1. How many residues does the range A:35-76 contain that are under 19 Å from A:Val263 (Cα atoms) and either touching a strand residue (DSSP E or B) at 6+ places or on another chain (Cβ under 6 Å) or not hydroxyl-bearing (Ser, Thr, Tyr) (or both)?
2. Considering (1) free of Cβ contacts under 8 Å to residues at least 60 places away in the same chain; (2) away from every other protein chain (no Cβ under 14 Å); (3) not basic (Lys, Arg), say which one C:Leu220 fails and leave the rest.
3. Select, from C:Ile47, C:Ile57, the only residue that is within 17 Å of C:Leu165 (Cβ to Cβ) and of a type in the set (Val, Ile, Thr).
4. Can you name the residue in the range B:312-327 that is in a loop (DSSP other than H, G, I, E, B) and surrounded by fewer than 21 Cβ atoms within 10 Å (Cβ to Cβ) and, of all such residues, is farthest from the chain's Cα centre (by Cα)?
5. Out of the helices (runs of 4 or more DSSP H) lying entirely within the range B:63-147, which hold 2 or more residues that are closer than 30 Å to B:Glu345 by Cβ?
6. Taking the criterion of being more than 14 Å from chain C (Cβ to nearest Cβ), modelled with pLDDT of 85 or more, more than 30 Å from B:Asp31 (Cβ to Cβ) and surrounded by fewer than 18 Cβ atoms within 10 Å (Cβ to Cβ), would at least one residue in the range B:290-297 satisfy it?
7. Of the residues C:Leu72, C:Leu64, C:Leu51, only one is at pLDDT below 95 and within 19 Å of the chain's Cα centre (by Cα); which?
8. So which residues in the range A:209-230 are at the interface with chain B (Cβ under 7 Å from one of its Cβ atoms), surrounded by 23 or more Cβ atoms within 10 Å (Cβ to Cβ) and part of a helix (DSSP H, G or I), if there are any at all?
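The values are calculated or read from the model by the stated rules, or taken from the named source; none is laboratory data. Model, not experiment: these values are computed from the prediction. Glycine also receives a Cβ, built like all others from the backbone with ideal geometry; neighbour counts cover every protein chain displayed.
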Amino acid sequence: MAEQHLSPRLIPDRLQSRSSRMLKSWESLLLVVAILIFALNSFASPYFLDPWNLSDATFNFTEKALIAFAMALVIISGEIDLSVASIIALSSTAMGLAVTMGADTPVLVLVGLGTGLFCGMVNGLLITGLGLPSIVVTIGTMSLFRGLSFIILGDKAYTGYPESFAFFGQGYVWWVFSFELALFAVCAVVFGVLLHKTNFGRTVYAIGNNQTAALFSGVRVGRVKFILFLLTGLMAGIASICLTSRLGSTRPSIALGVELEVVTMVVLGGVSILGGSGTIPGVVLAAFIMGMVTFGFGLLNVPGIVMSIFIGALLISVIALPILWSRARRRMAQ
Amino acid sequence: MLQETTPLRMKPAIALEGISKSFPGVKALSDVSLSLYPGSVTALIGENGAGKSTLVKILTGIYQPDGGTIRVDGVETQFPTAMAASQHGVTAIHQETVLFDELSVAENIFLGHAPRNRFGLIDWKTLNGNARDLLRRVGADIDPTIRLRDLGIANKHMVAIARALSIDASVVIMDEPTAALSHKEIHELYELIDRLKADGKAILFISHKFDEIFRIADRYTVFRDGGMVGAGLIADVDQDQLVKMMVGRDVGQVFPKVDVAIGEPVLTVSGYRHPTEFEDINFELRRGEILGFYGLIGAGRSEFMQSLIGITRPSAGAVKLDGKVLVIRSPSEAIANGIVYVPEERGRQGAIIGLPIFQNVTLPSLNRTSRSGFLKLANEFALAREYTQRLDLRAASLDQDVGTLSGGNQQKVVIAKWLATQPKVIILDEPTKGIDIGSKAAVHAFMSELAGQGLSVIMVSSEIPEIMGMADRVIVMREGRIAGRFERAELTAEKLVRAAAGIATQVEGGAA
Amino acid sequence: MAKLLKNREILLVFAIIALVFLIALRFPGFVEPANLARVYNDTSILIILALGQMAVILTRCIDLSMAANLALSGIVAAMINAAFPGVPIPLLILAVVGLGAVLGSINGLLVWKLDIPPIVVTLGTLTIFRGSIFLLSNGAWINAHQMSDAFKALPRASFAGFAVLSWLSVMAIIAVYLLMTRTPIGRAFFAVGGNPHAAVYTGIDVGRTRFLAYCLSGALAGLAGYLWVSRYAVAYVDIAAGFELDIIAACVIGGISIAGGIGSVGGAVLGSLFLGVIKNALPVINISPFAQLAISGTVIIIAVAVNARTESRKGRVILKKAEAV
């Protein structure tokens, strides 16, 4: 190594080792919090540590986390997709419609995935094709997609899903490990590799930090963003299959407000809402934390809407606290 | 005029003493002093990065100095906000006139101090009337009720000056006001400045153009590397002395241009045009050649270069590279074909601040460093090391955020990024704008080295010494057209300036 | 004429007239003055809210919490009325306007002092406000019989042939119009959204201006909260759920640029009326009310696409020849 570089100014690759950087990261803080909450929960309720109870607890976050992985990439690239909950509703409605036409499980899955992809394509085309701001476009498609569900369903509901369809939301792969949990694990690895180990992931970071410079550097910005919205649609479709299968029914109000929880999960995971930074391991930890808190509140009989206060406050404070912290540190330094 | 000759007895309108300002890692100003006198124009001279804009920001209350005092009419004052500076009568007219495109001309003049009626509501009738009067005073024939975005750049300047008059400013800062103006407009500006002087305003005039400085200024202050290196009366100095103060050395020694054997044509551009930005662009670029593109800011050089690499589409024209016709629709296609563009706006278009150095360097070359779409960090570090070392980058590690580097070192990373794609043609747009002298020399030396290795270089520059020092051949652009072509041997500063300003009676290829 | 067509307000007036005309072709009853007055009255609350949202969007921010603020303010008004029927209604209105402004100021402070992106702040406060309603009311409904007659009567009362609700919205339009065009703070909203950097040079505090925009949107949401609850004579956790989208839709349709700095009171009012006409026409022309959400969504997308086209800047004009054209 050394003899190659006779120049007196040898610039080292890294100053900090990867492990020391990891220790100081947001993710390790999240890990500590996760462990604390886990300990608190097991302290608060004797039923918490039961494997089956823990397994039940995972359903609180798996579906949302599936979308959060794709959403993390979208937010890192500097965009946002607020239509994901409505995509769930439209996919679920499409599957319900397919059931009434006699479709069986494989067809239902295809319909669910296809609807998700289609919705993602609509978002992607409007945002990258016409160059419209993603926040307004997805507020629009959020009304549009759910509105279509309302037009199709009105105040009715679809039930009568085939028995084999129940596997996706209720089935177990092995012992206490549900299909959803397994899917969550697989997707965590796939998205982790995609974001952190591939050229594609690198371009996502580049776009999020400086879109213009990325374009000048030969990154196909429009294409990357289109793929991200497509991917988010697909993941919302997958989440819709799981949720519909778990509930066994479809109403147009299904998954109302889930977009907020997904965005909160992503931001809690350390992804900057302004784009450019964040990791998949962070999102995974955030998913665990939110799931366990929800479950803990459930054990304490706290109603769901109070949970939403907690989530809203969490969303604001995870962004506010680092800002306050750095200000306090600066003041101390002076 | 009598006072003009006896400055020592006059009290300055504003005096800065011992001002210092640091940013993390950079000392932008150290112990500088500057006095502006009523009825007098002071030229602030210095290379890009000498600290002029930092000083302007301190004068207008945007930055707070770390040390030193500000005295207005002899009274020690502080400008904690932009409003405070404005209340003390200091106002600035900026390079990119910072006003509001969507608001009316009149409102742009009176925003923040609009006349009110007895109910405390804004009195639009008086406001428009006053605006009309002020515009007449600056000699601009503009309807005050139209939106600002419908005005040209020269008229926007007039609006900015009218605004300065409207707050009854005693100190007017003009930051390169002539940069985008035509010859006639510049003369109108001179007349206006004379009128402002007669009104007793103290004017700080920032410019790179010496003819302007000698035409309009009474005094000078020279900055270099954040310090003050000279000040006095313009009548006591000549251009050479000012240049020497500015650069701290003789101009001739700066440029390490090596003579290179010029080879066969590499890039041929013919009949290139765009509906609003440029037309009739024809030229050849040869192997080992450095082709300079000179012109005033806004002459269409960057727009043409960006069109060449597929950022915008030309309406007609052909590009041949090594004899093959190319159609380039995006920067990625340009890079794949071996044409790269190092953009002018480093922070916006060049560096990706937030990503580490090595990721910046390898971004356009990821296809080469990776294996079937998967990153190979070892290859990336090797490539980044190779090119950053060739450019003599100074950094703590390759894993450092590029945003923590100084401007000059950021520029080295940016050049390394595009060079690592192994191009045949490299276009450098204002490659040394706003970087320190040491980095400047490194960039120039490197440019020479590249040409020596057979690379073809296009250098867009607005600095005459740089063009004269580095280019084998120069194309001058004016108002979107080629206004002159010069070989190195026949190059003089006067010829360049004349062609760029459109003063020459007849130049080859120039549009009449 | 071409210049006329570029004017968003005039274009919208034509669009609304065309829409009404089309409906009238088949259902002449729709254009009877009494019905048009009813349509306006029905749109009044949306207009009041859109005025507040306009101010926020002008400063390059967004307020997703307006409907939740409305619901919280409205339910507090109903609870005060149920507990103390003696409190005079004008005082009550003043109190909820104040409460709305305080809730809005929370958004404003977070955006101003902590620099948190507005979308995150208002997404968060949206859920917090909704959750707080549940905590306050324990999930219970407050029904018509719990409210005093005076409380319910005010918006329905008639004055000079129009409902007080309509008059209140007209007063809000005039007040906000004066604020936007004739006061320094109103002009500061435009300046901050149009060019925040330049605004600093003219002595405008960008953060403070945004804070005041949020206070205004909050105050108007508070007013709308009382009007909503008293008009429909019922208050519960989910009132006006999802209405924040209609408010934003009205603004986007009205030509208020989501990028800030461009917009007008006329645009916000006309955008609201456009949505109001559609909403009132749906039952008349026999389209399921369930279609309204999808139509809002489609209109938002079309409006933002149209806005983007009219705002898109041409390249620089460098060639003198091109400048002359």
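1. Keep residues of the range A:35-76 that are under 19 Å from A:Val263 (Cα atoms), which gives A:58-76.
Still in the list and also either touching a strand residue (DSSP E or B) at 6+ places or on another chain (Cβ under 6 Å) or not hydroxyl-bearing (Ser, Thr, Tyr) (or both): A:59-61, A:63-76.
Residues in the range A:35-76 being under 19 Å from A:Val263 (Cα atoms) and either touching a strand residue (DSSP E or B) at 6+ places or on another chain (Cβ under 6 Å) or not hydroxyl-bearing (Ser, Thr, Tyr) (or both): 17 in total.
2. In the conditions (1) free of Cβ contacts under 8 Å to residues at least 60 places away in the same chain; (2) away from every other protein chain (no Cβ under 14 Å); (3) not basic (Lys, Arg), C:Leu220 misses (1) alone.
3. Just one listed residue meets the conditions, C:Ile47.
4. So the first thing to find is which residues in the range B:312-327 are in a loop (DSSP other than H, G, I, E, B), and the list is B:312-315, B:322-323, B:327.
Subset that is surrounded by fewer than 21 Cβ atoms within 10 Å (Cβ to Cβ): B:312-313, B:315, B:322-323, B:327.
Values: B:Thr312: 22, B:Arg313: 25, B:Ser315: 28, B:Asp322: 33, B:Gly323: 35, B:Val327: 31 Å.
Only one residue fits best here, namely B:Gly323.
5. Where helices (runs of 4 or more DSSP H) fall fully within the range B:63-147 and carry at least 2 residues being closer than 30 Å to B:Glu345 by Cβ, they are B:82-87, B:105-110.
6. No: zero hits.
7. The unique qualifying residue is C:Leu64.
8. Once the filter is applied, which keeps residues that are at the interface with chain B (Cβ under 7 Å from one of its Cβ atoms), surrounded by 23 or more Cβ atoms within 10 Å (Cβ to Cβ) and part of a helix (DSSP H, G or I), the range A:209-230 yields A:Asn209, A:Ala213, A:Ala214, A:Phe216.
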